[in-house]
Amino acid sequence: MTLRFVLRVGLRIVVSLLLSMAEGRGHAAPVSDPLGTWLTEDGRARIRIERCGAMTDRICGYVVWMKETADAKGQPFRDRLNPDPARRSRPLLGHQMLLGLKLNADGRHAGEVYNAEDGKTYSVSIWREGPKMLAVKGCLLGLFCATQGWALTTDLVPGQLVAATGEGGGPVADPEWAAPKLSPAVKPPAAAPIKMKAN
């Protein structure tokens, strides 16, 4: 074996190790929280992403602003293609579209997204692409996928829902993702009067 051969093999090993370390570092990037309000890539809606009620390990997303909220007759757009007949009369503004996404091993939140344009539910995963950009990847049957970029918004625009989810003027969670209603506080029984002993 010549010195040149040893050096060449050693160099290949070092380059290979450096590449695998860099690759591993890319997968181990710190997880960035996707919570916030995001403008969709086409600019037609703003989606507020937050924890799903009491399920702090899940995130849900709600349409809190739409560029167009009503049809030519001035009637609010409704979820008319929803497979659940009970939900077909609900307005699209304020409806839930991200359904309980959970953090996976890749550092992405994955679950399902409801698409009111066709009344179907698809697989979705979301992750931060930077401080002000969210990548949203939707898939049909796990085979046909498309990714969009949503931009973080911090301002308010006319018509945007700002109240808390489930409150008047806020979006409405689907029942399976809504925070449980707290029952009115039960008053503790009145304390019995203390009897003093006479000396």
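Points worth noting:
- Residue 106 - accessible surface, heavy atoms, 1.4 Å probe, Å² rounded to 10: 120 Å²
- Long-range HN-HN contacts of residue 120 with modeled amide H, under 5 Å: 115
- Rounded to the nearest Hz, the phi-derived 3J(HN,Hα) couplings of region 85-99 under the Karplus curve 6.51 cos²θ - 1.76 cosθ + 1.60 (θ = phi - 60°) are x, 5, 9, 5, 9, 6, x, 5, 5, x, 7, 8, 10, 8, 10, where x marks glycine and proline.
- Within the shell of other residues whose beta carbon sits under 15 angstrom from the beta carbon of residue 109, the net charge comes to +1, with Lys and Arg scored +1 and Asp and Glu -1.
- Accessible-area ranking of 147, 56, largest first, probe 1.4 Å: 56, 147
- Dipole magnitude (debye, nearest 20) for region 36-146, charges at Cβ of Lys, Arg, Asp, Glu: 240 debye
- Relative pair counts by distance (%), Cα atoms of region 52-189, 5 Å bins: 2, 9, 15, 20, 21, 17, 9, 4, 2, 1, 1, 0, 0
- A cut-off of 5 Å between modelled amide H atoms, ignoring neighbours fewer than 5 places along the same chain, links residue 79 with 90, 92.
- Residue-span extension gain [residue 112 to residue 154] - 0.36 nm each, minus C-alpha spacing: 12.6 nm
- Inter-label distance, nm, simple model (7 Å from Cα along the C-beta direction), residue 73/residue 144: 3.2 nm
- Value in Å of the Kirkwood radius, where region 37-130 supplies the Cα pairs that are averaged: 14.2 Å
The values are calculated or read from the model by the stated rules, or taken from the named source; none is laboratory data. Note that the structure is predicted; figures quoted are calculated from it, not measured. Please note: Cβ atoms are built from the backbone with ideal geometry, for glycine as well, and neighbour counts cover all protein chains shown. Note: accessible area is taken over every heavy atom of the protein model, side chains too, but ligands, DNA and RNA are not part of it. Shrake-Rupley method; radii C 1.70, N 1.55, O 1.52, S 1.80 Å.
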